[in-house]
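Below is one structure, written out as structure tokens, with a few remarks after it.
Coordinate-derived values only; no laboratory data. As the structure is a prediction and not an experimental result, all values here were calculated from the model. Using ideal geometry, Cβ is built from the backbone for each residue, glycine included, and neighbour counts are taken over all protein chains shown.
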Amino acid sequence: MPKERWASRSIDPNRLESTEAAPTARISFAMARIEDYALIGDCETAALVGLGGSIDWLCLPRFDSDSCFAKLLGSENNGYWRVAPVASRSAERRYRSGTLILETIFRTDHGGVRVTDFMPPKSDKSCIVRILEGLDGRVEMRSELAARFDYGVSVPWVSRVDDGARSIVAGASMLVLRTDVSLHDENMMTVGSFVVSAGERRALVLSHQVSYQEETPAGNPFQLLERTERFWRKWSSRCQAVGAYSKEVLRSLITLKALTFEPSGGMVAAATTSLPEQLGGPRNWDYRFCWVRDATLTLLALMDGGYYDEACAWRDWLIRAVAGSPDQLQIMYSVTGERRLTEWEVPWPSGYENSKPVRIGNAAHQQLQLDVYRELMGALYQARRGGLAENKRAWAVQCALLDHLKAIWTEPDEGIWEVRGGRKQFTYSKIMASVAFDRAIKSAKEFGMEGPVDDWTAVRDAIHADVCRRGYDEDRKSFVQVYGEPQLDASLLLIPAVERDLVADGFVRRYHTGATKDGLPPGEGMFLACSFWLADAYQLIGRGADANALFERLLSLRNDVGLLSEEYDVSKRRLVGNFPQAFSHIALVNTAHNLTHRDKPSERRGGKKSLPSEGVQSTT
């Protein structure tokens, strides 16, 4: 197993406020950059830990539950839990090799301390464990826990439990903090001030449960650490090697595993909501849901990584979620398959760097997006080709959905980028509708599935002819975003056109937000998944040097612990959008395989015999 290197960062004194007066001395970091965060999780929910030791985002008991720490989207008044030295000079951190266990070493003028943060794989309850180990000297430490439920608005009632622990209750929600550190109440917080000397270990454990059940212990923190490390190392040991990129692929696969809701097999697009695609702007969405569009690429990334159990669970989640009336197919569902994802705006947080509104839920779940039919058909086709045991309901669901698609493919839709400026005849949507029928035809022929193949073939060919007639611009010599309009779209990824019009500073934007009426003010970062697709396309047309150079550049955008958000702001040199973003890490895994394997995911998704996939969004 490759050893994770330490990534060291000095703490900028301009971003650190400290007072000298012990024991109430406080350290208060300004709003952290998105890339300053690391992820810990228990495969049902996840927390973001800042470089300065503050947990600024946590929803319990699952990814899409209300938060108890939401400083990420506002201020300290919206909840956080910081464990750090009173005065630090530097911090360096890493994940333990092959795990989601985060280690941060703080250096002070008087010594060093290691803080180990993790969430044990969930059994009966979620909990966060923070273990402190003195490395040398004596380090003054401070723990500040300010829980604020309901996305940062509800202040809980804190009580002392018999064993010195603190119960933190608001309505049905309850946190319990246990530690060998002496605690006291201060300014609506639970605070511990203490010293860690060389060789000494201290621990704090925060567990969650419903408030109307009897409080139960979370377990020994050091035993929980051993159990968590065993879990992740055993899981990581199954990862297939990817040549020079094995370490990067494993870190991305661990991230994808952390974004998976273990009980159902569903994978959220990100652990967060409302991290902006444009700093200070309104392009802020809730990504704590499962998109059907991610299905094929997710399946391929998992299977290529050697994770067939997870691939099977994702396939089965997909079939359960979409089952029902074909005319009610949604583009996204909750982690357990719920359909109602009502969007509303939270007025009390100020938003990440004043990016408002803060949105909960996602109104795009009601949109018509024709390309999701292709993703569903493609994922199930790849599952069969990959050798996953057949799900008995899958083919019946597919046939019903294709019958509905036959009736609606001529309609305008909101497209792959979920625009809110009205439905249009998106070229990519039509192409993917055609591919949906093509994958059904291939399934019938290759696996003996019964269906109206002649009828499907006629519809596929009719859509193909329609796209060639109405979606191609003779003047530009390329397909276009919308029938009859000149602007381009990265989903088409025709290399000459994309390079000329959609690439800036070497990265790919999804589309021109100023030219496309998407219902929002123009401006957003470069979409990282599209940039990986461009590397895939370079590789497929024989521009291997360009593909490798772009891939290496994209890898350099990962933060110090290997995580990517949705987009990259070229002018500010910062990650933007929800974090960490599953689609970016899925694209990273597939591109690594495209660059190192003869059996390429991009060719498999495109329908080639070696096993088709679309690491590149093909237009053929």
Report task. Report the longest stretch of the chain that contains none of the chymotrypsin sites (Phe, Trp or Tyr not before Pro) sitting in a DSSP loop with at most 16 other Cβ atoms within 10 Å. Result -> 213-620
Query - Helix axis angle, 453-470 relative to the chain longest principal axis, alpha carbon, degrees - result: 90 degrees
**Report entry** Sites matching trypsin sites (Lys or Arg not before Pro) across the range 263-364 that sit in DSSP coil, with at most 15 neighbouring C-beta atoms within 10 Å
**Finding:** R339, R340
Report summary line: Checked against the positive end of the charge dipole of the range 7-212 (+1 on Cβ of Lys and Arg, -1 on Cβ of Asp and Glu, about the Cα centre), the farthest of L132, L73, S54 is L132
**Report entry** Sequence-distant residues sharing a close amide H with S211 (under 5 Å, placed H)
**Finding:** S173, M174
**Report entry** Distant-in-sequence amide H partners of M141 (H built 1.01 Å from N, under 5 Å)
**Finding:** V86, F194, V195, V196
Requested in this report: With a/c under 1.5 counting as rounded, go ahead and sort the range 7-212 into rounded, prolate or oblate using the C-alpha gyration tensor (a ≥ b ≥ c being the square roots of the eigenvalues; past the cut-off, prolate if a/b is larger than b/c, else oblate).
Outcome: rounded
Query raised in the report: Pick the calculated Rg and Dmax of the Cα atoms in Å for this structure from (1) 26.5, 89; (2) 28.4, 89; (3) 24.6, 81?
Result: (3)
Report summary line: So the angle from the long Cα axis of helix 371-385 to the longest Cα principal axis of the chain, reported in degrees to the nearest 10, equals 90 degrees
Query raised in the report: Relative contact order of the chain: what whole-number percent is it, with Cα pairs under 8 angstrom and at least 6 residues apart?
Result: 12 percent
Requested in this report: Per residue of the range 72-78, in order, report the coupling 6.51 cos²θ - 1.76 cosθ + 1.60 (Karplus, θ = phi - 60°) as ³J(HN,Hα) in whole Hz, putting x for Gly and Pro.
Outcome: 3, 9, x, 9, 4, 5, 9
Report summary line: Quick calc, the chain, dipole around Cα centre from Cβ unit charges on Lys, Arg (+) and Asp, Glu (-), nearest 20 debye, gives 1120 debye
Report summary line: In whole angstrom, the spacing between the Cα centers of the range 345-371 and the range 459-483 equals 33 Å
Query raised in the report: For the chain, what does -39500 (n - 2.57) per DSSP helix run (n ≥ 4), summed and divided by total residues, give at 222 nm, in deg cm²/dmol to the nearest 500?
Result: -9000 deg cm²/dmol
Query raised in the report: Based on the alpha-carbon gyration tensor of the range 243-605 and its eigenvalue square roots a ≥ b ≥ c, which shape applies: rounded if a/c is under 1.5, prolate if not and a/b is larger than b/c, or oblate?
Result: rounded
**Report entry** Helix 528-540 axis, angle to the chain major axis (alpha carbon atoms, nearest 10°)
**Finding:** 50 degrees
Query - Cross-link pairs beyond the 20 Å C-alpha cut-off, checked among K406/K442; K257/K356; K125/K234; K125/K257; K392/K442; K234/K257 - result: K257/K356; K125/K234
Query raised in the report: Does the range 226-337 come out rounded, prolate or oblate by the C-alpha gyration tensor, with a ≥ b ≥ c the root eigenvalues, rounded set by a/c under 1.5 and, if not, prolate when a/b is larger than b/c and oblate if not?
Result: oblate
